[in-house]
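Data first, discussion second: the structure below is written as structure tokens.
The values are calculated or read from the model by the stated rules, or taken from the named source; none is laboratory data. It should be emphasised that the depicted structure is a prediction, and the values quoted were computed from it without experimental measurement. No Cβ is skipped: glycine too gets one built from the backbone with ideal geometry, and neighbour counts run over all protein chains shown. All accessible areas refer to the heavy atoms of the entire protein, side chains included, with ligands and DNA or RNA removed. Shrake-Rupley method; radii C 1.70, N 1.55, O 1.52, S 1.80 Å.
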Amino acid sequence: MDSLRQNTDLERNRVILINDCSTDQRVTPYLGRLAAQGFMVIQNEENRGFTETVNIGICQSADRDVVLLNSDTILTKNWLEKLIRCAYSDSAIATATPLSNNATLCSVPVFCEENRLPEGFTPEEFADLVDRSSLRRYPRITVAVGFCMYIKREVIQTIGNFDSETFQRGYGEENDFCWRAEQAGYYHAMCDDAYVYHRGSRSFNLKEKQKCMEAHEAILNQRYPLQMQRNREHVRDNPNSFAQDTIKIHIPFHNGRKNILYLAQSDFMEEADDHVGGVQLHVKDLTMRLKDRYNIFVVARDQKEIRCTGYASDQTVRLKFYAGDKPDFPVFHSQRLREIYDQILTAFSIDMVHVHHVLGMSLDMYEAEGALGIPVITTIHDYYMVCPSGVLLDDQGNACDKNVENCGHCGECLSHKFQLASAQNYQKIWRKRNLEALRSSCRIIVPSGHTKRVISEVFPEIREKVQVIGHGTDLKRYENKRKSRSAETFRVAFVGGICEEKGSRIICNLVRKADEDIDWYIFGEIGDRELLYLEKKNLHKTGAYSREQLPELVEKNRIDLICLLSVCPETYCYTLSEAAACGVPVLVSDMGALGERTREMACGWVIEDVHNTASVLERINELKKRPEEYRRCAERVQRLQLHTTKEMAECYDTLYRENFRENFRGNFRDGGSAFGMYDAEAIYRAYALANGKGISQTDVPDDILERLNNAERELSILYHSGSYKLINQLKSLPVPGKRHIKAFLYQIYRRGR
């Protein structure tokens, strides 16, 4: 009654309270007090049964619509206005039923179950969520649910009242009424933006209920065999599952926590196209460490799609938005991406944006600071914002970090790398646009001192915002017990994705020129054709690995030295931390943070001229012959206390807390988004695409349907191709060099496609 008073316009609507001769002695005096307050109260002299009592109430008004409302309900804001809007959205609608925790066909969040309110919600708060996420489709249902059933007077006048003679005690009376209405040309709608809490099942004991249901079901099967079958199919198929799904998207994030969005060029999830890399590892570490403190939303490109994955403790919600092909040239602003960003920011009331990379994306996310008042933080993982190549390496293979502000060769270099017109000063345009983005950041995080110096030199305007926070690592330590190097083969490993920028050509030369008493190991994928096909007796290639597998690989192969021979300036170098965590000394090139960090940690040796293969090989041979020098370094490495992901996360946690806007409402407990309403249909389509839901023509725009159909055809062609079948067969064959054969066949397939 309190919820009814609070949420119903009692000047326009009349409340009729009927006491069907309750045995509870408190009911009559309670209703007497309500009658004195102006409510219409009817006292049955004898128990008339539920259905006849409903008819008594219906007959009190000859011209008004009726809502049947159980006494075990709690009403919420605008419940009646929403039911009216639903009922009159189509003249053929006979009844409207709201969503509820306990309403069979209209139950949420789990269909056809008696749900508890999700933890942390009141009925009013859950109604707010329902309203905010609703698609307002008012879908057809086979039968209304009697706990809160809106009935048009026109329907009553057409088909009559409830069949009280047959269904006196209840259960089945609304089915009978609804199916008579259906046969008279009406249908029944779910009001998917209204929510009424229903405690349920308090009028009968279980034995009475079961007996009554069985008897009345038999009657319904006899009267309405076709409609009963349709009802069973509806329960089986749940054709309106979107009503549950749209709510499930948001439930995990209603926990009182701040919402943080991470923007990256690729996702770290294994099914993503490019899930391995320094940015992905860092974002994964932060997400896993902070998802119990904040709701983390990772937004990243995956080919033609933008993934959005929300993490709230142990719960995950996945969305996919169609973004189209990656542009041939970097795009600073994109209407399509801006719409996707805005939908995510608004739907999940984001409190802070943390940009990690914008390759393949756009700079539109930085506008959240000005347009929506959301603070933005940027972590710079490479030099993409300085140069579109992402690395400070020119087209001749020379590092350009020493004169990065103005090397004088940018036009020719970018023309060679990206087919950009050399006559246009593209580098000036590039840096101007990225500076504008960085200026809108509250803080700019870099992983090393070298990176800070380069960024501050190129963008002196934002120097004061730049802060160093190193990446963390949690790899278990491998205890390197070997002391002597002179009596047996020296084992040297190259770790990580190996390409030209990571020194693949230098590795080729080392392997070719070295003596047979050095065993060479490559742990990781190889992106250099020459190195990929290089074969020597003392060269061992393991292929891709997960970072958790590295200590085992190092220990199993008894690695003595890890070489990191990048020819471009590194901003941090995860593999250096991983090598140190494995307890193995390193030999590194003096490129950016790689040489800087190796000297700081005293975990190995630095080669100043990495391009001089003879010099690198000479240093390796010296370490073979100087076991005491090696031993002292190995002992230092064993004692190193590395920066952990927990310590890194604490640094970011402090940073976030310092930069949240305290006057910013980043939640939706007031019944609406912090920024206004969002397109719930767009969010639902993204959820459906990401979770393999059945998507109909009405759910998805034509461009996405076309893409899905094309993808299905592509997969069919792939799975039936001779190359694919042959590659699959090769997986289990003990054929020497089969990795190279598979790579060759894959290239043939790609060229053919």
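Looking at segment 148-158, is at least one residue open to solvent by 30 Å² or more (accessible area, probe 1.4 Å) and in contact with a helix residue (DSSP H, G or I) (Cβ under 8 Å, 6 or more places away or on another chain)? Checked segment 148-158: at least one residue is open to solvent by 30 Å² or more (accessible area, probe 1.4 Å) and in contact with a helix residue (DSSP H, G or I) (Cβ under 8 Å, 6 or more places away or on another chain). Quickly run through segment 178-195 and pick out the residues that are closer than 27 Å to Lys77 by Cα and either aromatic (Phe, Trp, Tyr) or part of a loop (DSSP other than H, G, I, E, B) (or both). Tyr187, Tyr195, listed by residue number.
Results for (1) farther than 16 Å from Thr451 by Cβ; (2) free of Cβ contacts under 8 Å to residues at least 24 places away in the same chain, shown as yes or no for each residue.
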residue	(1), (2)
Glu578	yes, no
Pro585	yes, no
Asp590	no, yes
Thr598	no, yes
Cys603	yes, no
Val606	yes, yes
Val610	yes, no
Val616	yes, no
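When we screen Ser334, Ser362 for residues that are over 30 Å from Gly524 (Cβ atoms) and open to solvent by 10 Å² or more (accessible area, probe 1.4 Å), the only hit is Ser334.
Just one residue in the set Gln229, Gln183, Gln222 is of a type outside the set (A, V, I, L, M), within 18 Å of Thr142 (Cβ to Cβ) and under 43 Å from the mean Cα position of the chain (by Cα); that residue is Gln229.
Just for segment 599-632: of the residues that are hydrophobic (A, V, I, L, M, F, W, C) and farther than 15 Å from Ile507 by Cβ, which one is surrounded by the fewest Cβ atoms within 10 Å (Cβ to Cβ)? Among them, the one singled out is Ala602.
For every residue, the table says whether it meets (1) of a type in the set (Val, Ile, Thr); (2) surrounded by fewer than 17 Cβ atoms within 10 Å (Cβ to Cβ).
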residue	(1), (2)
Arg307	no, no
Lys326	no, yes
His354	no, no
Val376	yes, no
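Taking the listed residues Asn47, Asn78, Asn7, the one that is open to solvent by 40 Å² or more (accessible area, probe 1.4 Å), modelled with pLDDT of 95 or more and either touching a Phe, Trp or Tyr at 6+ places or on another chain (Cβ under 6 Å) or over 30 Å from Gln183 (Cβ atoms) (or both) is Asn78, with no other qualifying. The C-beta contact set for segment 21-49 (first residue touching a residue at least 40 places away in the same chain (Cβ under 8 Å), second residue of a type in the set (Gly, Ala, Ser) and surrounded by 14 or more Cβ atoms within 10 Å (Cβ to Cβ), distance under 7 angstrom, 6+ apart or interchain) comprises Gly49/Ser164. Among the residues of segment 114-147, those that are open to solvent by less than 20 Å² (accessible area, probe 1.4 Å) and part of a helix (DSSP H, G or I) comprise Phe126, Ala127, Leu129, Val130, Arg132, Ser133. Looking at segment 2-91, the helices (runs of 4 or more DSSP H) lying wholly inside it that each contain 2 or more residues that are touching a strand residue (DSSP E or B) at 6+ places or on another chain (Cβ under 7 Å), within 22 Å of Ala189 (Cα to Cα) and of a type outside the set (S, T, N, Q) sit at 50-58, 79-87.
For segment 270-295, the set of residues classified as assigned to a helix (DSSP H, G or I) and closer than 30 Å to Gly527 by Cα consists of Gly278, Val279, Gln280, Leu281, His282, Val283, Lys284, Asp285, Leu286, Thr287, Met288, listed by residue number.
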